[in-house]
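The values are calculated or read from the model by the stated rules, or taken from the named source; none is laboratory data. These numbers were taken from a predicted model, which means no experiment stands behind them. Cβ placement follows ideal geometry from the backbone for every residue including glycine, while neighbour counts extend to all protein chains displayed. Protein only, heavy atoms only, side chains kept; ligands, DNA and RNA dropped before computing areas. Shrake-Rupley method; radii C 1.70, N 1.55, O 1.52, S 1.80 Å.
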Amino acid sequence: MAIILDGWPASEGIASGPVFHLEWGLPIVPHITISEDLVQQEIERFHEARLWATQRLQELKVRTAERLGLVEARIFDPQIMMLEDAEVVEGTVRYVRENRLSAERAFEWRMLELRDLWSRTSHPMVLDRLNDLEDLVVRVLHHLLGHHDPTDLAGIDEPVIVVAADLTPSLTVHLDPTSVAGIATDQGTRTSHWAILARSLEIPAVVGLGDITKRSKEGQSSIIDGRIGRVVLDPGPSELESFASRQHRLTSWESEINTIASLESVTKDGQYVELRANLDMPDEANQARKHGAEGVGLFRTEFLVVGRGTMPGEEEQYSAYKGVAEAFPSGAVFIRTFDLGGDKFPMFLHMPQEENPFLGWRAIRVLLDEPELFRTQLRALLRATAHGDVRMMLPLVNNVEEVIQVRGLLDEEAKRLADEGIPYNAGYKLGVMIETPAAALDAAELARYCDFFSIGTNDLVQYTLAVDRTSTRLAKLYNPFHPAVVRQLHQVARASHAAGIEVSVCGEMASDPLAAFLLLGLDITVLSMSWPSLPEIKKMVREVRIEDARHAAQKALAADTSRDVTECLVSGIGNSIDLTAFAGRWSLSGPR
Ligand code: PEP
Ligand code: MG
């Protein structure tokens, strides 16, 4: 009998395969002491585990380099180095020899000791090592205990559905789409950063399933539908048949994509709508272009720092930014400065433990407190402006002072470049993401200091409604059609038009046809989204009239409830768009 589990759709696409439980955590290590004659054997077992882990990490590094590039592959270097570290190796061997501990117990003790030692310092170079240490300990201990490596999918001969309690951005970046057909998690939401990454990697994902880790069994057959947010365990003939027909529909849709990508993005009554792509990794630029992106509306730069043991240098950053600029020679490329904190932690910064990280040391706040990190990025960005229409965008800005401060830093770095004879575009453009109610309400003031606005609706919805974007329990309250959100979007659009600066949306709202229809109606005609959504949105644009969208938006602005807002939009968009496929995406946009 099939078991149907409903969660939240997080990354489009459907897939089937056996369940693979990914359990990422420290195992329980039994306290075992050994007799003298087994000492040498245990030491050899430890060295074998070290060798195994080194090889495994090298393989992961090569695979990551092939798939995502050399920069991303370096996240494994600190762990590889640690396996050679005398403090780690000699300390463990000593515990086996002197305390007669089993290899796993000795390694665990030594690593706990080092963790304790290193955590007493606040030196960032040392603290970096703690994060690597954690990753490494989990991997080596599981191996010594004869468990399966939690992240090792190499022995799997058919693509699996990874089932986990939750994921992190750095864990997701390790998943290989050729061996991971889909992801299903107990927790998480569509706007969790790892889910955004899964979309870029084109791995279908369903989140917020509650207890799928408990209800599923290793190897159990399953189907995952990342569009409606459903997982079927042990599917029967009828579920398999409907899976096959959905897959068939998707394949024919894929063949339509090429045609759509080459068509103009214009509404029936002649309004041009500029469609851009959000990139999480530089090598997504080609796919984005193929899917019809005319530029990059949001290039998230955190890939350069998340999971990395060292701060990325100016040259490395410059070449990543320049690469994307050159991939879009006639389009604008908006590069966002590091948005760290929240759920994205680099290893080399001492991020404080916070009760509410999304209300804490995040984004522009981190950058302004870490001048070395920020100035290096600004220099790399300025240099990239010499290679295309590169614009710099600041995350989570709350007030005018922050922009003034950044302009000061930019002036100084630009002057240094000029003195050194290094080229950059002196007419560089700086803008902000509108992601907090403070920024939305102060849009008219901010507009005087900015060259553009890009509305980050993922965060704007979270902060407006006081609903954590990563909370599964609250997912039904996370509603971008809330009247308070609609009114802020309207206000930001009006302020930017009055100031004569561009306004775009780069949050997930832009990739939902109904929400995008609302944005058009509010005269926001530049939309940026994960590239797989571009054809669908272009299709919507070509089938509607901007006048109808404006009319529906006017009605939505006067609505009292989210349901009224969606009703105004559904009746305004008419029958030209099939919204059933999107019904599960936002809680109130329709019945699941
Ligand atoms: C947003 O908040 O809408 C956004 C695009 O930024 P991120 O999802 O990276 O926080
Ligand atoms: Mg954001």
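Mean separation of Cα pairs under 8 Å and 6 or more residues apart, divided by the residue count, gives the chain a relative contact order of 15 percent. Which percentage, to the nearest 5, of the DSSP beta bridges contained in the range 267-581 is antiparallel? Around 5 percent antiparallel, to the nearest 5. Centroid-to-centroid, using Cα positions, the range 496-543 and the range 173-217 are 26 Å apart. Farthest towards the positive end of the charge dipole of the range 267-581, among the residues CYS450, SER330, GLN554, is the Cα of GLN554, using unit charges on the Cβ of Lys, Arg, Asp and Glu. Excluding ligands, DNA and RNA, the accessible surface per residue across the range 413-553 is 33 Å² with a 1.4 Å probe.
With a ≥ b ≥ c taken as the square roots of the eigenvalues of the C-alpha gyration tensor of the range 267-581, please select rounded if a/c is under 1.5 and otherwise prolate if a/b is larger than b/c or oblate if it is not? It comes out prolate by the Cα gyration axes. Of interest is the spacing of the C-alpha centroids, which for the range 410-442 and the range 259-333 amounts to 19 Å. Element breakdown for the range 267-581 at a 1.4 angstrom probe: carbon and sulfur atoms account for 49% of the accessible area.
Considering the dipole of the chain built from charges on the beta carbon (Lys and Arg +1, Asp and Glu -1) around the Cα centre, which of LEU520, PHE303, VAL180 is farthest to its positive end? Checking the options against the dipole of the chain, the answer is LEU520. Amide H to amide H, with H built 1.01 Å from N, MET433 comes under 5 Å of LEU394, LEU396, VAL397, SER454, counting only residues 5 or more places away or on other chains. Net charge dipole, the range 267-581: roughly 540 debye, given to the nearest 20, about the Cα centre with Cβ charges of +1 for Lys and Arg and -1 for Asp and Glu. Peptide packing for 378-384, 26-32 was compared via the average number of neighbouring C-beta atoms within 10 Å per residue; ordered from the highest value, the list is 378-384, 26-32.
For the range 241-334, the solvent-accessible area works out to 42 Å² per residue, with a probe of 1.4 Å and every protein chain left in place.
Each residue of the range 433-450 was assigned a 3J(HN,Hα) from its phi angle through the Karplus curve 6.51 cos²θ - 1.76 cosθ + 1.60 (θ = phi - 60°); the sequence is 8, 9, 10, 10, x, 4, 5, 5, 6, 9, 4, 5, 6, 4, 4, 6, 10, 10 Hz, with glycine and proline shown as x. Calculated [222 nm] ellipticity per residue, helices only, for the chain: -14500 deg cm²/dmol; basis is -39500 (n - 2.57) per DSSP H run with n ≥ 4, divided by all residues, nearest 500. How high is the FRET efficiency from HIS551 to ALA444, r the C-beta distance, R0 25 Å, rounded to 0.05? After rounding, the FRET efficiency stands at 0.45. Take every DSSP beta bridge whose two residues both sit in the chain; close to 35 percent of them are antiparallel.
By the rule of a C-alpha distance below 19 Å, with chain neighbours fewer than 8 residues away ignored, the lysines paired with LYS538 are LYS268, LYS290. Normalising the average separation of contacting C-alpha pairs (under 8 angstrom, six or more residues apart) by the number of residues puts the relative contact order of the range 267-581 at 19 percent.
Please work out whether the chain counts as rounded, prolate or oblate from its C-alpha gyration tensor, where a ≥ b ≥ c are the square roots of the eigenvalues and a/c under 1.5 means rounded, while otherwise a/b larger than b/c means prolate and anything else oblate? Judged from the Cα gyration tensor, the chain comes out oblate (a/c at least 1.5, b/c at or above a/b). Remark: the chain carries a charge dipole of roughly 1240 debye about the Cα centre, counting +1 on each Lys and Arg Cβ and -1 on each Asp and Glu Cβ. Of GLN220, VAL231, SER265, which is farthest on the positive side of the dipole of the chain, counting Cα position, with +1 on Lys and Arg Cβ, -1 on Asp and Glu Cβ, and the Cα centre as origin? The residue sitting most towards the positive pole is SER265.
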